[in-house]
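All remarks here apply to the structure that follows.
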Amino acid sequence: MMYAQITQFTKMLHTLSRLLDKADKHAEAHNFAPEVLLNARLLPDMLPLTSQVQMACDTARLATSVLAGKQIPIFDDSEKTIPELKALIEKTIAYVSSMKESDFSGWEERRVAPPGWAGAFLGKDYFYQHGVPNFYFHMVTAYAILRHKGVRIGKMDYIGQLPFLRQ
């Protein structure tokens with residue numbers, strides 16, 4: 001079960017990379033620097049696109065690490081360009097994909113204490129109450145920023161390829 005969700009992180013991170021490709025093409029087609037999009041926010045009190053991408057990656061990496069009982073790799077979140085963000089996404093996908101199903105044995109009852117947090121959780125509580133919602137919050141916010149700024153993306157760009165059965 002946990003391994004299936006972790007593979008969903010990788011699918012959605014690939015989606016995020018494709019959304020950045022579309023953002024880059026949009027900026028080029030409309031003769032403005034991609035950084036305009038990377039610095040865009042939905043509202044002044046929200047984080048910009050760059051931070052949304054970084055936090056989606058951070059959440060996938062943190063959730064995967066703590067639930068597998070592994071050391072959390074530290075990435076510096078200093079990305080400023082689309083190629084740098086795409087490299088972060090690829091590095092995150094590589095890390096998350098390196099996990100095996102056996103790494104998550106006992107994850108539901110594992111005590112997890114993410115660094116900097118005030119307390120600890122059972123793995124299942126951390127994952128379902130924070131890991132999944134936080135990951136998708138940053139994914140959807142990145143998508144919404146790009147839509148708001150006129151990038152021609154739609155629901156299927158977000159959902160991605162569906163695994164239809166062949167008949």
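The values are calculated or read from the model by the stated rules, or taken from the named source; none is laboratory data. Nothing here was measured: the structure is a model prediction, and the numbers come from that model. Here Cβ is always computed from backbone atoms with ideal geometry, including for glycine, and neighbour counts include all displayed protein chains.
The set of residues in the range 8-35 that are assigned to a helix (DSSP H, G or I), more than 17 Å from Asp157 (Cβ to Cβ) and free of Cβ contacts under 8 Å to residues at least 12 places away in the same chain contains only Glu28. Within this structure, Phe135 passes the test of being modelled with pLDDT of 95 or more and either loosely packed, with under 10 Cβ neighbours inside 10 Å or not in a loop (DSSP other than H, G, I, E, B) (or both). Suppose the filter is out of contact with any Leu (no Cβ under 8 Å at 6 or more places or on another chain) and either modelled with pLDDT of 95 or more or among the β-branched types (Val, Ile, Thr) (or both); does Ala118 pass it? Considered against the rule, which asks whether it is out of contact with any Leu (no Cβ under 8 Å at 6 or more places or on another chain) and either modelled with pLDDT of 95 or more or among the β-branched types (Val, Ile, Thr) (or both), Ala118 comes out as no. Taken as a whole, the structure leaves Tyr143 outside the set of residues that are surrounded by 13 or more Cβ atoms within 10 Å (Cβ to Cβ), in contact with a Lys or Arg (Cβ under 7 Å, 6 or more places away or on another chain) and of a type in the set (Phe, Trp, Tyr).
Residue-wise test of (1) among the hydroxyl-bearing types (Ser, Thr, Tyr); (2) farther than 30 Å from Glu35 by Cβ; (3) in contact with a Gly (Cβ under 6 Å, 6 or more places away or on another chain).
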site: Arg61; (1), (2), (3): no, no, no
site: Ile89; (1), (2), (3): no, no, no
site: Ser102; (1), (2), (3): yes, yes, no
site: Trp107; (1), (2), (3): no, yes, yes
site: Pro114; (1), (2), (3): no, yes, no
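Tallying residues that are exposed (fewer than 11 other Cβ atoms within 10 Å of the Cβ) and either closer than 15 Å to Leu62 by Cα or polar (S, T, N, Q) (or both) within the range 109-132 yields 2. No other residue among Met46, Met99 is surrounded by 15 or more Cβ atoms within 10 Å (Cβ to Cβ), not aromatic (Phe, Trp, Tyr) and not in a helix (DSSP H, G or I) apart from Met99.
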